[in-house]
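In what follows, a structure is listed as structure tokens, so that the remarks can point back to it.
The values are calculated or read from the model by the stated rules, or taken from the named source; none is laboratory data. The model shown is predicted, which means the values in this text are computed figures rather than measured ones. Note that we place each Cβ from the backbone using ideal geometry, even for glycine, and neighbour counts take in every protein chain shown. All accessible areas refer to the heavy atoms of the entire protein, side chains included, with ligands and DNA or RNA removed. Shrake-Rupley method; radii C 1.70, N 1.55, O 1.52, S 1.80 Å.
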Amino acid sequence: MNNLKVLLSGEGGQGVQAIGQILNEAATKNGFESIYLPNFGVEQRGGVSLAYVQISRSPLTYPKFKIADLLIVLCPRSILRVKNYYNGRTKILNLIGFEEKLKEHELSYRTFNMLALGIISEFLPLEKEIIIETLVKKFQAKKILPELVSQNKKAFLVGRVMGMRLPSRTHSLDYKGDTKNKRDKITFEDDKKHWQINPGHCKSCGICVYRCPSKALSFNPKIGGVYGMPTSTCDIKRCIGCGLCERVCPEGAIEVKKKK
Amino acid sequence: METKYLTGNEVVVDAAIAAGGRMMFGYPITPSTEITTEFAKKAEKNERLKFIQTEDETSAGFGVIGALLGGEKAFTATGGPGNILMQDPISMAEAMRLPFVGIITQRGGPSTGTVIYSQQEVTLTCCGGNGEGLRVVYSPSSLQEIYDLTIKTFNTAWKYRFPTFLLSDGYMAKARQKVEIYRPQYISTTKHILGDARKIVNIRNTYSQEEELNEILSENIRDFEHISRDIADYDTYKCTHSKTIIFAHGSAAAACLEICKERKNVGLFRPITLQPFPDSQAKMFAKRAQKIIVVESSAGQFSRLLKNSLYGISTIYLEYQRPALGIFEEELARVL
Amino acid sequence: MIPKCFKKESLPTYFCPGCGYGIILKALGNVIDRLEISQRSVIGLDIGCSLLAWDLFKVDTIQTHHGRTTPVMAGFKFAKPESVVLALTGDGGGYAIGLQALLHSAHRNDLITVILVNNTLYGMTGGQMAPTTLPKEITETTPSGRNTKKTGLPFLGPEIIKILTNKHAYIARASIRNPLKVEEYIEKAIKNQIHGKGFSFVEILSVCPINWKTDAKETFDFLEKIEQAYPSGELKSNE
């Protein structure tokens, strides 16, 4: 087997690096040579995150490559980012939107990267048991709650089944949706006040929910924000129109108006 | 036009002001200190000039950057350890194509060394910092040339937007001699980069991807290569028929010139710009000679630059290196 | 409400979820709008999380080098005294690598406004100790908590600057817990510059949930600890 070049791309925070690290370690345990390189921009969170993984039978020396053999795309913004890193021979797995499938299996949205890992693993010459062992060890080392570890394991297995069913031909990277997170604003109002959020700017930080003096705000998992995570929603009956949420929202996603 | 009797450092100040230099940020360091103190004196008497003494050379360099972003011809002067500290702001100027002007008076190094003289800051001034060395470096070899080239330093910086330096040394800085002070025919215009009310600019020096940076670098490198033809400069003495040619720059070249005048078959090739280097002309003369001798007050910093240009020729190549020492006829004669 | 001097196309910002910069920059934007100074303002950014604001404003901005924002902006003010000059920096750029330049600029009474964001660690590089890290606080370079015997006590920046500056300086500290206070102090600081009085400095206590690894409630609980170590208020107000 020649050097197999795997390029993973997703939003910072989607867990792209975790996938890369697990593949790297599992490949090594599986008797292959493997080298992994993370790549991200200056932001701690929110830039597009890339992970380069190479798997080979012969020794590997250079951590970076230009054209991937297997390209995985997890978010719309990656499409532009990876445009120079694949050619006609690259197998592309377009997993944008696959987070939705987690709900069917009652899995937390935080396990999306393990679902992706499951799908990807179907296209790699790595033993399932070794990957599971590696991912469990990794999550346990992070001191994550046992239920979440088993959720992650379940997500992986669900992903693997999905991977088996995916067509073997390459996916397209034509994404008709908007890559800039434009979403419709959502409004709640009554005769005294008006509360509006722009979910496309909500990063799910939770400060508004925490600071609301009348506990009118909560998370709505049905409306995803910048990273696909739940955004704020308002119980207008409890809202007193004070506008503190508007003031403390770091992205200016919320607007509150008192009516005369 | 006026004839004055000045030290090399005093010449810098007159030339800087003649070239439109209005602001100086400085920190005293021998042998450049008089540039700073002279300008400070002049600034007290002339409202149009502004002098700021900063707490160190790094702040001096960044102060210069701030001022030239505002459209003022600002400059600084330093040498030795101060030149090292200056590389932080110079790198920023290099990256962001800012017309940074610096006067460097070389002293013995590394570290504190001597406060006196050397030609050991060639590499540092040409390519210190974490970039590709897209800087223009003028190497004067006389006090008159300090006047002429200081003016050129300002003009070149503002015309082409690369950090530009006058690479002087401690001997020339402190020597006193007759100099012709004149008003230059041409001084470059300025424009402010920030604070123009007609448009908003957001300027950065950080990039997220390798390719983004590479694109900017490629453009800057292309620009630099393009201007090299206009800017690269040199002088020769008796090179056409001499069997031996001495290659030297700065005041070492001045010493060699005296030696060449007394020897029949010895000529001198003197680059006036160390960067961009006058490659093709240097190569042309070097090819014709039987032997070339590279003379410098360093352990090979100038020779390395020269070898870049002379790659491929088979002329005998000798190096006469005197790190941190002056060049004297009696000693050089033994080699010739 | 988004300040008029923000570029709408630059939203959402590059900042992490829950970052204090969102609140601070909105406050700054509101002041710029209210004083109508967007055309003549220039904002210098340090290397650190402040650089993520590089294209957020419809105001001239420039990224400098780490800890060098203050001297660059001071130099700019000398060249263009009619402009309103702001230097945005962090606890590293201000109190570590850039401390010397900051203190001397204050000492000279340079007519600039420095806004320093204090989140007790170096955010962009992954959360290492800063001069302002609290005792026993866990960071990447103090994995078992900051040992103040070996690394010093929390750094009181505005207090030191107060001693060095003359009576015309404006020095204050606010917490993002109270965005209106942040706005008030920033406005007073900028007015101190516009009226030609003196050096103005505002330290803003901020949060970093990503490197603190905290949720919203834990973030504000930790902010309370920070507020206890660094008292808010106006240290010098030129009134």
Worksheet item: Going by the conditions given, is B:Y5 open to solvent by 10 Å² or more (accessible area, probe 1.4 Å) and within 14 Å of another protein chain (Cβ to nearest Cβ)?
Response: no
Item to complete: Report the residue count in the stretch A:9-64 for those that are hydrophobic (A, V, I, L, M, F, W, C), within 14 Å of chain B (Cβ to nearest Cβ) and in contact (Cβ under 8 Å) with a residue 40 or more places away in the chain.
Response: 1
Worksheet item: Does the stretch C:182-193 contain at least one residue that is within 14 Å of chain A (Cβ to nearest Cβ), closer than 24 Å to C:A74 by Cβ and either modelled with pLDDT of 95 or more or open to solvent by 10 Å² or more (accessible area, probe 1.4 Å) (or both)?
Response: yes
Worksheet entry | Search result, residues across the stretch B:203-220 that are charged (D, E, K, R), in a helix (DSSP H, G or I) and within 14 Å of chain A (Cβ to nearest Cβ) | B:E210, B:E211, B:E212, B:E215
Worksheet, complete the sentence: Within the stretch A:45-57, of all residues that are open to solvent by less than 60 Å² (accessible area, probe 1.4 Å) and assigned to a loop (DSSP other than H, G, I, E, B), the one modelled with the highest pLDDT is A:G47
Worksheet entry | Only one of C:N109, C:N192 that is out of contact with any Cys (no Cβ under 8 Å at 6 or more places or on another chain) and part of a loop (DSSP other than H, G, I, E, B) | C:N109
Practice prompt. For the stretch A:241-260, name all the residues that are at the interface with chain C (Cβ under 8 Å from one of its Cβ atoms) and in contact (Cβ under 8 Å) with a residue 12 or more places away in the chain.
Written response: A:V248, A:C249, A:P250, A:E251, A:G252, A:A253, A:E255
Worksheet entry | Selection count where residues are touching a residue at least 12 places away in the same chain (Cβ under 8 Å) and within 27 Å of B:E94 (Cα to Cα), scope the stretch B:226-247 | 6
Item to complete: Please go through the stretch A:84-101 and pick out each residue that is in contact (Cβ under 8 Å) with a residue 24 or more places away in the chain and more than 17 Å from A:G13 (Cα to Cα).
Response: A:Y85, A:Y86, A:T90, A:K91, A:I92, A:L93, A:N94, A:K101
Worksheet item: Here are some residues: B:M24, B:M86. Which one is under 18 Å from B:V137 (Cβ atoms), open to solvent by less than 10 Å² (accessible area, probe 1.4 Å) and either within 14 Å of another protein chain (Cβ to nearest Cβ) or touching a strand residue (DSSP E or B) at 6+ places or on another chain (Cβ under 6 Å) (or both)?
Response: B:M86
Discussion item. Please determine whether any residue of the stretch A:76-84 is under 21 Å from A:N3 (Cα atoms) and either hydroxyl-bearing (S, T, Y) or open to solvent by less than 20 Å² (accessible area, probe 1.4 Å) (or both).
Written reply: yes
Item to complete: Tell me, please, whether a residue that is in a loop (DSSP other than H, G, I, E, B), within 14 Å of chain C (Cβ to nearest Cβ) and over 18 Å from B:T125 (Cα atoms) can be found in the stretch B:58-69.
Response: no
Worksheet item: Looking at the stretch C:56-69, which of its residues are open to solvent by 10 Å² or more (accessible area, probe 1.4 Å) and touching a Phe, Trp or Tyr at 6+ places or on another chain (Cβ under 9 Å)?
Response: C:K58, C:H65, C:R68
Discussion item. Just the residues that are within 25 Å of C:T219 (Cβ to Cβ), facing another protein chain (nearest Cβ under 7 Å) and among the β-branched types (V, I, T), please, taken from the stretch C:1-42.
Written reply: C:I2, C:T13, C:I23
Worksheet item: Does B:Y171 satisfy the condition of being more than 13 Å from the chain's Cα centre (by Cα), of a type outside the set (D, E, K, R) and not assigned by TED's automatic domain parsing to the domain that holds B:A248?
Response: yes
Discussion item. Please verify whether C:L99 is of a type outside the set (D, E), over 23 Å from C:I160 (Cα atoms) and more than 7 Å from chain B (Cβ to nearest Cβ), treating the condition exactly as stated.
Written reply: no
Discussion item. With the requirement that a residue be aliphatic (A, V, I, L, M) and buried (at least 17 other Cβ atoms within 10 Å of the Cβ), what does the stretch A:141-156 give you?
Written reply: A:V149, A:A155
Item to complete: Those residues that are closer than 30 Å to C:D110 by Cα and free of Cβ contacts under 8 Å to residues at least 60 places away in the same chain, I need them from the stretch C:127-160; list them, please.
Response: C:M129, C:A130, C:P131, C:T133, C:G152, C:L153, C:I160
Worksheet item: Just to be sure, is A:K5 open to solvent by 30 Å² or more (accessible area, probe 1.4 Å) and not in a loop (DSSP other than H, G, I, E, B)?
Response: yes
Discussion item. When you check C:L164 against the structure, is it within 13 Å of another protein chain (Cβ to nearest Cβ), open to solvent by 40 Å² or more (accessible area, probe 1.4 Å) and under 24 Å from C:T113 (Cα atoms), yes or no?
Written reply: yes
Worksheet entry | Positions within the stretch B:27-55 being within 13 Å of another protein chain (Cβ to nearest Cβ) and either farther than 24 Å from C:H66 by Cβ or within 21 Å of the chain's Cα centre (by Cα) (or both), in sequence order | B:Y27, B:A43, B:R48, B:L49, B:K50, B:F51
Worksheet item: Are any of the residues in the stretch A:92-110 within 30 Å of B:E211 (Cβ to Cβ), modelled with pLDDT of 90 or more and either open to solvent by 80 Å² or more (accessible area, probe 1.4 Å) or under 14 Å from the mean Cα position of the chain (by Cα) (or both)?
Response: yes
Fill in: Number of the condition not met by B:A77 [criteria: (1) within 21 Å of B:Y117 (Cβ to Cβ); (2) outside any strand (DSSP E or B); (3) not β-branched (V, I, T)]
(2)
Discussion item. Out of the residues in the stretch B:92-121 meeting the condition of being within 14 Å of chain C (Cβ to nearest Cβ) and open to solvent by 20 Å² or more (accessible area, probe 1.4 Å), tell me which one is nearest to B:I227 (Cα to Cα).
Written reply: B:R97
Worksheet item: Out of all the residues in the stretch A:12-35, which are assigned to a strand (DSSP E or B) and either open to solvent by less than 10 Å² (accessible area, probe 1.4 Å) or closer than 19 Å to A:I67 by Cβ (or both)?
Response: A:S34, A:I35
Item to complete: Could you tell me whether C:G48 is in contact with a Phe, Trp or Tyr (Cβ under 8 Å, 6 or more places away or on another chain) and farther than 18 Å from C:Y170 by Cα?
Response: yes
Worksheet item: Restricting the search to the stretch B:302-316, which residues are open to solvent by 30 Å² or more (accessible area, probe 1.4 Å), within 21 Å of B:S251 (Cα to Cα) and without any contact (Cβ under 8 Å) to a residue 60 or more places away in the chain?
Response: B:K307
Worksheet item: Which one of A:K193, A:K258 is open to solvent by less than 30 Å² (accessible area, probe 1.4 Å), more than 30 Å from C:C208 (Cα to Cα) and basic (K, R)?
Response: A:K193
